[in-house]
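Inspection log for the structure reproduced underneath, given as structure tokens.
The values are calculated or read from the model by the stated rules, or taken from the named source; none is laboratory data. Keep in mind that this is a model prediction, so the values were computed, not measured. Cβ sites come from the backbone with ideal geometry, for glycine too, and all protein chains shown count toward neighbours.
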Amino acid sequence: MEALVAKGVTKRYANHTALDQVDLTVPEQSIYGLLGPNGAGKTTIIRIINQIINADSGEISIFGQKLNPDHIGVIGYLPEERGLYKKLKVGEQLLYLAQLKGLSRNDALSRIKVWLQKFEVSDWWNKKVEDLSKGMAQKVQFISTVMHEPRLIILDEPFSGFDPVNAQLITEEILELKKKGSTIIFSTHRMETVEDLCDSIALINKSKKILEGSKKQVKAKYKTNSFLVEHRGTFNLTGSQYSLVHQEAAEDGLLKSTVKMNGDGSPNDLIRDLIQVTEVHSFLEKIPSMSEIFIALVKGESHE
Amino acid sequence: MNKIWLIIQREFLNRVQKKSFLIATIVVPLIFPAIIGLLVFVSKQSEKNARKEVIHFVDESKTFLPDTSRFVFKPFVGSLDDAKRAFNDSEDFGLLYIPTYELSKPKGITLYTKINPSLDDVGNIEHLFEAQIKDMKMRRLNIDQKLLDSLKTNVNISTVKVSEGGQEKSSNSGILFGIGMAGGILMYMFIFIYGAQIMQGIIEEKTSKVVEVIVSSVRPFQLMMGKIIGLASVGLLQFLIWIILMSTLTFGVLGYFGIDPPQQQAMQQMAPEVAAQQAAVNSNVISGINEALNLPWAFILFNFLFYFLGGYLIYGALFAAVGSAVDSPAEAQQFMFPITIPLLISYMSLFMFILKDPHGTVSVWLSIIPFTSPIAMMGRIGFEVPLWQLVLSMVLLIAGFIFTTWVAGRIYRVGILMSGTKVNYKVLAKWFMQRG
């Protein structure tokens with residue numbers, strides 16, 4: 001079953017279209033990256049999923065059910081614009097937020113205690129949020145997002161504003177939550193996190209989804225059949241089968257070349273041909289990074 | 001609905017647990033009775049000490065003159081001339097010469113004073129004689145004291161003025177004026193103070209960025225209403241505490257100084273002359289209190305609560321809309337103008353029209369239009385407002401707050417998620433028109 005399916009979601013404002021026929025499919029128990037430049041519509045779709053705003057048209061279903069108010073308790077949401085009540089004590093604050101999510105007072109109490117212990121901050125219960133450091137407040141904020149054990153966790157730019165230590169902590173928590181069965185959607189600009197964490201991604205640009213799929217699929221789609229070869233001595237590859245894209249000097253008098261295969265041949269063919277013309281020291285398929293794909297696609301769009 | 005209840009609770013507790021709430025709730029009701037107490041105390045003190053005047057009397061007729069709270073009567077033994085001489089040397093108020101007189105035609109009673117006595121003083125002494133002589137006559141007719149006492153009846157005539165328009169107006173309009181003014185001012189203060197608190201709370205939620213976390217759990221409208229209702233309950237609680245504390249303290253203070261509430265006073269049939277004297281002395285205070293207590297307090301209180309809630313909800317929603325649109329209280333100033341204007345108009349009209357002429361055209365319409373009615377109606381409430389006006393005003397008030405809440409809700413749901421935008425009325429209109 002899919003954790004979330006969106007079909008033709010559209011949201012228009014007076015002067016612009018925030019989302020234009022966006023389809024998304026988020027597999028269950030996966031980490032799903034929602035990518036896109038600023039203003040592309042990521043936050044809009046996230047707000048629609050959280051029922052903060054309504055879509056003009058289109059349909060969203062969560063775990064096979066049409067989106068409805070009961071889903072509030074199923075979703076844990078960490079908005080990009082986040083904060084806590086400054087004057088409230090940590091314990092009261094978490095209790096209030098948990099109850100708003102639909103937990104009973106007793107359930108909320110016991111879960112908050114577990115989480116505070118987990119983050120080794122049990123003694124914060126009576127501290128006011130305004131007395132906490134920023135890093136401490138971030139932990140409280142994260143607890144508030146996940147304490148009701150949501151099956152679907154939506155994190156909007158989770159690492160922006162979090163210090164590296166907390167970012168690491170949260171990364172670990174995200175992985176653990178996934179292991180326990182949760183599905184995590186997060187939007188981010190940080191491509192290295194996408195590379196590390198995401199199983200699938202969607203790329204939204206200018207209100208439209210322009211790419212979606214598992215990380216492997218996406219990379220396979222955008223790989224250019226290029227290979228990085230380290231070798232000693234120059235070579236010339238004949239025929240239209242290959243083209244030499246780039247060549248540069250590497251250490252120890254080696255050369256580093258990027259060779260593109262124009263046909264359908266296998267890497268073995270290239271290796272076979274290469275060892276006849278040069279001394280091969282290393283051979284690596286050049287797989288595009290998410291960042292490269294992202295930039296290429298977004299730039300390509302804006303050039304149209 | 002469970003969630004709206006949670007929000008109401010949270011808002012309520014947040015405010016009630018603040019020190020400022022505790023201070024305002026306790027200090028304000030102390031000030032009011034303290035002032036009354038002080039006034040009563042001062043007047044009582046001056047009665048007791050300074051004003052108790054000594055009158056010497058030379059009595060040739062054996063008339064019994066009881067002391068009053070104003071005068072102490074001291075018999076002088078000797079001739080009138082001796083008495084005059086002694087009186088001239090003393091600092092006392094007066095010398096009363098009572099020759100033997102016929103009960104039917106008392107003549108020759110003379111009061112010697114160094115300064116011209118007031119008409120009141122002379123009248124009071126005359127009343128004393130009249131009462132004494134009446135009693136003596138009765139006794140002569142073999143009517144005993146019991147019968148005498150039972151003949152005395154206390155009648156309180158309530159004075160009602162009929163104006164040219166045929167409208168009746170209780171003549172003690174001072175009290176009604178006071179109630180109208182206090183009610184109007186209190187309403188004005190409540191709406192402003194609590195309205196501003198709603199606005200502040202919303203701006204706080206917006207600037208601390210907690211609002212998006214909250215609206216992912218509840219509808220924006222629920223959050224807004226929860227806040228408005230939560231604060232309303234704080235306001236009501238504060239108001240009720242004030243009423244209870246103030247009335248307890250007021251009666252406590254009055255009781256301490258020996259001014260009984262009129263219900264007890266009515267039961268005191270003893271010593272009518274004394275009572276009459278006391279009544280004459282305390283007449284201002286007591287008739288005032290009497291008048292105040294005879295007002296339909298339950299009716300006034302009910303109306304105050306109704307108009308407080310109605311006015312608060314009408315303006316509270318508008319304050320909420322403004323709070324949602326801006327990022328700081330300073331920015332809110334530009335939108336405060338249209339909210340403040342009707343409040344100011346009704347506040348100023350309270351003094352210019354409503355209290356002076358509670359049934360004038362301007363007063364009537366101001367008390368019917370929803371935006372001005374909470375304050376205007378408070379000003380009129382003591383003056384027998386016709387039922388149709390009251391009902392129309394209440395219905396319009398309810399319609400008014402449903403309307404403003406609807407408008408505010410539409411602006412609020414968009415506004416709270418927009419930070420860092422330059423907002424003007426055009427933008428507000430756009431938000432209002434925007435679909436969910």
Assuming A:Q29 fulfils every condition listed in (1) in contact (Cβ under 8 Å) with a residue 12 or more places away in the chain; (2) within 14 Å of another protein chain (Cβ to nearest Cβ); (3) farther than 30 Å from B:V16 by Cα; (4) not in a strand (DSSP E or B) apart from one, which condition is it?
(2)
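Looking at the stretch A:169-185, which of its residues are within 15 Å of A:Q141 (Cα to Cα) and not charged (D, E, K, R)?
Of everything in the stretch A:169-185, those that are within 15 Å of A:Q141 (Cα to Cα) and not charged (D, E, K, R) turn out to be A:L169, A:I170, A:T171, A:I174.
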Regarding the stretch A:49-70, can at least one residue be identified that is assigned to a helix (DSSP H, G or I) and acidic (D, E)?
yes
Tell me the strands (runs of 3 or more DSSP E) entirely within the stretch A:176-240 that contain at least 1 residues that are among the charged types (D, E, K, R).
A:208-214, A:226-232
Out of everything in the stretch A:86-97 that is facing another protein chain (nearest Cβ under 8 Å) and out of contact with any strand residue (DSSP E or B) (no Cβ under 9 Å at 6 or more places or on another chain), what residue ends up being surrounded by the most Cβ atoms within 10 Å (Cβ to Cβ)?
A:L97
Could you list all residues from the stretch B:201-224 that are in contact (Cβ under 8 Å) with a residue 40 or more places away in the chain, under 13 Å from B:S324 (Cβ atoms) and either buried (at least 24 other Cβ atoms within 10 Å of the Cβ) or among the β-branched types (V, I, T) (or both)?
B:I202, B:I203, B:K206, B:T207, B:V211, B:E212, B:V215, B:L223, B:M224
Give the residue that is surrounded by the most Cβ atoms within 10 Å (Cβ to Cβ), with candidates limited to residues of the stretch A:39-70 that are more than 8 Å from every other protein chain (Cβ to nearest Cβ), of a type outside the set (K, R) and free of Cβ contacts under 8 Å to residues at least 24 places away in the same chain.
A:L67
Out of curiosity, is A:E279 within 30 Å of A:T188 (Cβ to Cβ), acidic (D, E) and at pLDDT 85 or above?
no
Taking the residues in the stretch B:419-436 that are closer than 18 Å to B:A330 by Cβ and not in a helix (DSSP H, G or I) as candidates, determine which candidate is nearest to the other protein chains (Cβ to nearest Cβ).
B:S419
Do any residues in the stretch B:60-86 that are within 18 Å of B:T110 (Cβ to Cβ) have Cβ atoms under 6 Å from those of residues that are loosely packed, with under 13 Cβ neighbours inside 10 Å and of a type outside the set (A, V, I, L, M), where the two are at least six apart or on different chains, and which pairs are they?
B:E60/B:T100; B:S61/B:T100
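Here is a yes/no grid of residues against (1) in a helix (DSSP H, G or I); (2) facing another protein chain (nearest Cβ under 9 Å):
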residue	(1), (2)
A:E81	no, yes
A:Q99	yes, yes
A:A108	yes, no
A:V114	yes, no
A:S144	yes, yes
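How many of the residues making up the stretch B:189-233 are among the charged types (D, E, K, R) and assigned to a loop (DSSP other than H, G, I, E, B)?
Matching residues across the stretch B:189-233 total 2.
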Out of B:S90, B:S79, B:S61, which single residue is surrounded by fewer than 17 Cβ atoms within 10 Å (Cβ to Cβ) and under 47 Å from the mean Cα position of the chain (by Cα)?
B:S90
Can you tell me which of (1) farther than 15 Å from B:G94 by Cα; (2) at pLDDT 75 or above is the one B:K84 doesn't meet?
(1)
Search the stretch A:91-109 for residues that are without any contact (Cβ under 8 Å) to a residue 12 or more places away in the chain and pair each with any residue that is outside any helix (DSSP H, G or I) and crowded, with 17+ Cβ neighbours inside 10 Å when their beta-carbon atoms are under 7 Å apart and the residues are at least 6 apart or on different chains.
A:L100/B:S217; A:L100/B:V218
Quick one: how many residues across the stretch A:252-288 are in contact (Cβ under 8 Å) with a residue 40 or more places away in the chain, exposed (fewer than 14 other Cβ atoms within 10 Å of the Cβ) and over 12 Å from A:L228 (Cα atoms)?
1
Do you know which residues across the stretch A:1-46 are at pLDDT 90 or above, over 17 Å from A:L203 (Cβ atoms) and among the acidic types (D, E)?
A:E28
Find all pairs meeting these conditions: Cβ atoms under 7 angstrom apart; at least six residues apart or on different chains; first residue within the stretch B:9-29 and of a type in the set (D, E, K, R); second residue at pLDDT below 90 and part of a helix (DSSP H, G or I).
B:R15/B:F21
Filter result for A:E92 (in the same structural domain as A:V165 (by TED's automatic domain parsing) and in a helix (DSSP H, G or I))
yes
Could you tell me whether B:S363 is more than 14 Å from chain A (Cβ to nearest Cβ), farther than 15 Å from B:L318 by Cα and in contact with an Asp or Glu (Cβ under 8 Å, 6 or more places away or on another chain)?
yes
Any idea which residue in the stretch B:363-399 is modelled with the highest pLDDT, counting only those that are of a type outside the set (A, V, I, L, M, F, W, C) and part of a helix (DSSP H, G or I)?
B:S393
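Quick check on my filter: what residues within the stretch B:409-418 are aliphatic (A, V, I, L, M), within 13 Å of chain A (Cβ to nearest Cβ) and touching a helix residue (DSSP H, G or I) at 6+ places or on another chain (Cβ under 7 Å)?
Answer for the stretch B:409-418, where residues must be aliphatic (A, V, I, L, M), within 13 Å of chain A (Cβ to nearest Cβ) and touching a helix residue (DSSP H, G or I) at 6+ places or on another chain (Cβ under 7 Å): B:V414, B:I416, B:L417.
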What about A:S291, is it outside the structural domain of A:T43 (by TED's automatic domain parsing), under 27 Å from A:S182 (Cα atoms) and touching a residue at least 12 places away in the same chain (Cβ under 8 Å)?
yes
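So how many residues does the stretch B:310-360 have that are assigned to a helix (DSSP H, G or I), β-branched (V, I, T) and touching a residue at least 24 places away in the same chain (Cβ under 8 Å)? Show your work before the answer.
Quick first cut of the stretch B:310-360, residues assigned to a helix (DSSP H, G or I) only: B:310-325, B:329-354.
From what is left, the residues that are β-branched (V, I, T) are B:314, B:322, B:339-341, B:345, B:354.
Filter once more, keeping what is touching a residue at least 24 places away in the same chain (Cβ under 8 Å): B:314, B:322, B:339, B:345, B:354.
Count: 5.
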Looking only at the stretch A:229-240, how many residues end up being surrounded by fewer than 16 Cβ atoms within 10 Å (Cβ to Cβ) and either touching a Phe, Trp or Tyr at 6+ places or on another chain (Cβ under 7 Å) or not hydroxyl-bearing (S, T, Y) (or both)?
4
